[in-house]
Structure formats: C-alpha cells, structure tokens
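The values are calculated or read from the model by the stated rules, or taken from the named source; none is laboratory data. What you see is a predicted model; the values in this text were computed from it and never measured. We place every Cβ from the backbone using ideal geometry, glycine too, and count neighbours over all the protein chains shown. Just so you know, the surface numbers come from the protein's heavy atoms only, side chains and all, with ligands and any DNA or RNA stripped out. Shrake-Rupley method; radii C 1.70, N 1.55, O 1.52, S 1.80 Å.
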Amino acid sequence: MAFTACFSEPKKLAEMEEYDGPILESDYVEIIMTEGSIRKLGIKGNKQLTFSNGDLEFPETIRIDFFDSEGDTTSVLTALEGFYDAKTKLYRANGDVVVRNLKENQILKTEELFWNPNTERIYTDQFFIVTTETELIQGTGMDAPQDFSEFSVTNPKDSEFEIKETNENN
C-alpha cells in the first residue's frame with residue numbers, strides 16, 4: 001500500500017493573520033455601575049462582543065440608564081447599536097439614537113451620539129431634533145450633560161419656541 005499527499009508549504013507563524021474578532025460573546029448583558037451603594041449607571045444590550053484590546057460592541061441594541069445622586073433615573077439613552085472604544089474611553093451610539101430626560105420631559109433624536117463617562121457628557125456633530133412640551137429644536141452639533149438637563153447647540157436650524165411673557169408686577 002502506498003500513500004501520497006499534496007501539501008502546500010506550511011505558513012510560518014509570523015506570516016499568519018492575527019485574529020481580530022471578538023474573544024467573548026455574551027447575550028442579554030446588564031452592567032450596573034455604582035458609587036458606594038448608589039446606582040450611577042446601567043448598560044443593557046441584547047448582545048455584547050468583547051475584543052482583546054478592550055473594545056466592546058453592542059450590535060443588537062444598547063440602553064444606558066443614567067441615575068442621580070439619590071439613585072433615581074434621570075435620563076435614558078437607546079440606540080440600535082453601541083460601541084465602546086477602550087483607547088479613547090468613549091461610547092458611541094448609532095442608529096435611531098434617542099435620549100429621554102425623564103424629569104424635564106424632553107427627547108433628543110439623532111443618528112450618532114457619543115458619551116464620555118469621564119466628563120459625564122453626551123454630544124454629536126450630526127443633525128438632531130430636541131422636543132419638549134413647548135419647543136422643537138433642530139440643528140447640527142449638540143453638547144449636554146449626561147442627564148440631558150440642559151444642552152448647547154452648535155448650528156441651530158429651523159426651530160420653534162414658545163415665548164412666555166412674565167409680568168414684573170407679580
């Protein structure tokens with residue numbers, strides 16, 4: 001009996017491509033960050049991918065709940081997908097991004113939003129719409145604290161405001 005085989009030249013380890021895909025995949029993830037016993041932040045995702053460089057990806061929706069010093073929810077960010085860049089330490093939300101300020105009853109909508117956990121700020125350079133009970137604010141470029149209690153607009157567009165007169169004699 002005789003055996004023959006064809007072998008291509010074996011690749012040297014240095015010539016092989018390095019795997020850059022996820023090293024861990026988790027379903028239905030909930031991350032809770034606390035300060036002492038007070039809840040500060042909650043992140044939920046239907047799927048989380050973890051990469052060897054520390055980056056995270058939430059390819060099937062992301063939700064971030066922000067809490068005040070009493071542990072009450074102040075605002076909620078949702079998006080179709082989310083990313084964490086370990087090098088810059090920034091989160092990026094993409095696709096149908098919505099931020100709801102629960103106390104002020106205002107809503108921000110955009111297609112891309114960044115969140116910096118160190119400065120506790122959210123921002124975008126994309127087109128956005130903010131709606132309140134009495135206002136419709138549109139523009140390109142926006143910056144706000146993560147609780148979305150106030151915001152500044154870089155380039156305002158057509159917007160509608162309700163102007164209330166105050167009587168100084170009261």
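The condition of being farther than 27 Å from Met33 by Cβ, at pLDDT 95 or above and not acidic (Asp, Glu) does not hold for Phe161.
Test Ile31 against the criterion of being open to solvent by 100 Å² or more (accessible area, probe 1.4 Å), at pLDDT 85 or above and not acidic (Asp, Glu), and give yes or no. So Ile31 does not fit the description; no. Within the range 107-134, residues that are farther than 16 Å from Thr88 by Cβ sit with their Cβ atoms under 7 Å from residues that are basic (Lys, Arg), at 6+ positions apart or across chains, in these pairs: Ile107/Arg100; Phe128/Lys109; Ile129/Lys109. In the range 45-92, which residues are under 14 Å from Asp147 (Cα atoms) and in a loop (DSSP other than H, G, I, E, B)? Within the range 45-92, Asp68, Ser69, Glu70, Gly71, Asp72 qualify. Pull up the range 45-83, narrow it to residues that are of a type in the set (Phe, Trp, Tyr) and touching a Gly at 6+ places or on another chain (Cβ under 8 Å), then point me to the one that is least open to solvent (accessible area, probe 1.4 Å). Checking each candidate, the answer is Phe58.
Looking at the range 98-156, the strands (runs of 3 or more DSSP E) lying wholly inside it that each contain 3 or more residues that are more than 21 Å from Asp65 (Cβ to Cβ) and open to solvent by less than 70 Å² (accessible area, probe 1.4 Å) sit at 136-145.
Regarding Gly95, is this residue part of a strand (DSSP E or B), out of contact with any helix residue (DSSP H, G or I) (no Cβ under 8 Å at 6 or more places or on another chain) and exposed (fewer than 15 other Cβ atoms within 10 Å of the Cβ)? Against the criterion (part of a strand (DSSP E or B), out of contact with any helix residue (DSSP H, G or I) (no Cβ under 8 Å at 6 or more places or on another chain) and exposed (fewer than 15 other Cβ atoms within 10 Å of the Cβ)), Gly95 qualifies.
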